[in-house]
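Down below is the structure, laid out as structure tokens.
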């Protein structure tokens, strides 16, 4: 169950980052429609995607060096 939750966070993070990347292609049009809020939305999507990917990473020390 825990492994499925980690996988779901990883997949959702990548999907959100993908949407943020596609959003950059349309940033000019979005800027005309939403103004600076389009930049705020993009930053929030990028930060949220990175957070979901990095959320379940084990940052503990590794084993002894080989």
Hits in the range 20-29 - residues which are assigned to a helix (DSSP H, G or I) and over 9 Å from the mean Cα position of the chain (by Cα): 21, 22, 23, 24, 25, 27, 28, 29
Test result for residue 33, at pLDDT 95 or above and surrounded by fewer than 12 Cβ atoms within 10 Å (Cβ to Cβ): no
Residue within the range 43-58 that is more than 20 Å from the chain's Cα centre (by Cα) and under 30 Å from residue 2 (Cα atoms) present: no
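The values are calculated or read from the model by the stated rules, or taken from the named source; none is laboratory data. Because the structure is predicted, anything quoted here is derived from the model rather than measured. When we count neighbours, we look across all protein chains shown, and the Cβ atoms used for this are built from the backbone with ideal geometry, even at glycine.
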